[in-house]
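Here is the structure we will look at, set down as structure tokens.
The values are calculated or read from the model by the stated rules, or taken from the named source; none is laboratory data. None of the values given here were measured: they were computed from a predicted structure. All Cβ positions, even for glycine, are placed from backbone atoms using ideal geometry, and neighbour counts span all protein chains on display. Note: areas computed on protein heavy atoms with side chains; ligands, DNA, RNA excluded. Shrake-Rupley method; radii C 1.70, N 1.55, O 1.52, S 1.80 Å.
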Amino acid sequence: MDRRQFLLRRRMQYMGILFAVFLLLFGIFDLIVYTRTHSALYEDLDRQLTEAGETIRAHPDSAVESFLRGDNIVYLDDARESYVVSYRIFLLVRSASGAILNAEHLLSFDYMLNIGFSPSDSGGLRTERAERNRFTLFYRTCTEDVTTASGEHYYIQLVTDSTEVETSLAIILRVLLTCTAVAMLLVLAAGWYLSKSLVRGVAEAWEKQDEFISYASHEIRSPLAVIHSSLELLLETPGQKIIERSDLILNSLSESSRLRKMSSNLLEMVRLQASEVQLHREELALDSLVESFIEPFVYQAEAADKRLSYTLPPGILLFADRQLVTEMLVILLENALKYTEAGDSIHLRAWQEGGNALIEVSDTGTGISDEAMKRIFTRFYREERQRSRAEGSGLGLYIASLIIEQHGGKISVRHNSPRGSVFAAVLPAKAPREPRHSG
């Protein structure tokens, strides 16, 4: 399976999961809404049926006698009080076999004779349907199983029209299903877009993997080839002294040092990207921190006929990781030394604005193109400026940006006037004192 097929398959899987989840959620929502609406609309009808059924069960003799006469009145025990069944409720008196015994009082409502009945329905509420003039009507029924004092067994079926309720429920159900269908179409569209975003991460990881493999194979091949050829040449002249072939040994040492630095940068990059670095924050005086490591860089600049200077207020305090901040500053200084010529100058300065410390490393070197400024902090990027002279891994500035991000700061680059570039880092700081000048 090639990558395109794999990504498409993964995208369809994401869409399927998203569709299933939302379908389940909408299904549960529709069920809850429909159930609650059903209960609310039938609440009054069910209350009337239940109330009438309880009265009939309490006074079966009076109820049967009255209903067989066509009356809807249940006389209570003292015969002076009575319970009138709602005019909306039809009363069907059935024998033990289910035959309707008061059919003569329902001649005007002959369709009521088609209401479904089963002895097992006793004590429960049901919705039945009946046909009338090619129209379907719905009825809510409640069946009571009663026995008179003489031992005769009857079923009294209470029936009330619920067509309006069922029509309303049908409309509500249709609206819910329509809205759900529309929502699921939107979910499909959104799922296609979101799955594209999710798969993009996999595709980008693949691209970064390819980029890493390409970079590693290209960068490692060159020093390995130099070391290999140098060792072969040494083997061809085993009788010569070391001093006579010191150039080959120095080449091997230089390339092995380059490999070691490259592997160190790669490990550092991976740790910072994975946020596996535990910041050991402490209160740091920026001027003391810089003075603890900058002297070798000053000598290196002088040896190359360059000038390195710095201006640091002695009171800027950082709450940061000493090792990582030092590494970040070293990267910026090494980068400035790498891309400057004899006679150029490099200046490190810092000051405070509000609660932030601003650190700038400026130079009058070869400068950076506008296009390169957009990519200078991406990994493995190296501009073609003096590339053959200034070898590097293309990871230094990327690592510096990761360190600053880990501390909650930011880094940027701009052109220096009239020539060169300025790298500016912003980190949290405390109040400064008088500035110190050196260099």
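Side notes on the structure shown:
- Among the residues of segment 304-321, the ones that are out of contact with any Ser or Thr (no Cβ under 7 Å at 6 or more places or on another chain), open to solvent by 50 Å² or more (accessible area, probe 1.4 Å) and at pLDDT 90 or above come to 1 in all.
Table: residues versus (1) surrounded by fewer than 20 Cβ atoms within 10 Å (Cβ to Cβ); (2) within 18 Å of VAL325 (Cα to Cα); (3) modelled with pLDDT of 80 or more.
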| residue | (1), (2), (3) |
| --- | --- |
| GLY367 | yes, no, yes |
| ARG375 | yes, no, yes |
| GLY396 | no, yes, yes |
| LEU402 | no, yes, yes |
| SER412 | yes, yes, yes |
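- Selection from segment 140-162 of residues that are open to solvent by 50 Å² or more (accessible area, probe 1.4 Å) and either farther than 19 Å from GLU43 by Cα or among the polar types (S, T, N, Q) (or both): ASP145, THR147, ALA149, SER150, GLY151, GLU152, HIS153
- Residues that are open to solvent by 70 Å² or more (accessible area, probe 1.4 Å), touching a residue at least 60 places away in the same chain (Cβ under 8 Å) and under 20 Å from GLU166 (Cα atoms) do occur in segment 85-106, at least one of them.
- When segment 284-303 is limited to residues that are surrounded by fewer than 20 Cβ atoms within 10 Å (Cβ to Cβ) and among the small types (Gly, Ala, Ser), the one that is farthest from the chain's Cα centre (by Cα) turns out to be ALA303.
- Qualifying residue in segment 30-38 (condition: in a helix (DSSP H, G or I), among the hydrophobic types (A, V, I, L, M, F, W, C) and modelled with pLDDT under 85): no
- Close contacts from segment 234-249, counting a first residue that is free of Cβ contacts under 8 Å to residues at least 24 places away in the same chain and a second that is assigned to a loop (DSSP other than H, G, I, E, B) and open to solvent by less than 80 Å² (accessible area, probe 1.4 Å), with Cβ to Cβ under 7 Å and a gap of 6+ residues or different chains, come to ARG245/THR237.
- From TYR139, TYR193, TYR111, TYR155, residue being assigned to a helix (DSSP H, G or I) and touching an Asp or Glu at 6+ places or on another chain (Cβ under 8 Å): TYR111
- Of the set (1) at pLDDT 90 or above; (2) of a type outside the set (S, T, N, Q); (3) open to solvent by less than 40 Å² (accessible area, probe 1.4 Å), all apply to GLU268 but (1).
- Restricted to segment 182-204, and to residues there that are closer than 17 Å to ALA20 by Cα and among the β-branched types (Val, Ile, Thr), the residue that is surrounded by the most Cβ atoms within 10 Å (Cβ to Cβ) is VAL187.
- Pick from segment 1-49, criterion within 28 Å of LEU91 (Cα to Cα) and touching a residue at least 12 places away in the same chain (Cβ under 8 Å), ranking: surrounded by the most Cβ atoms within 10 Å (Cβ to Cβ): LEU49
- Selection count where residues are in a strand (DSSP E or B) and buried (at least 16 other Cβ atoms within 10 Å of the Cβ), scope segment 50-84: 3
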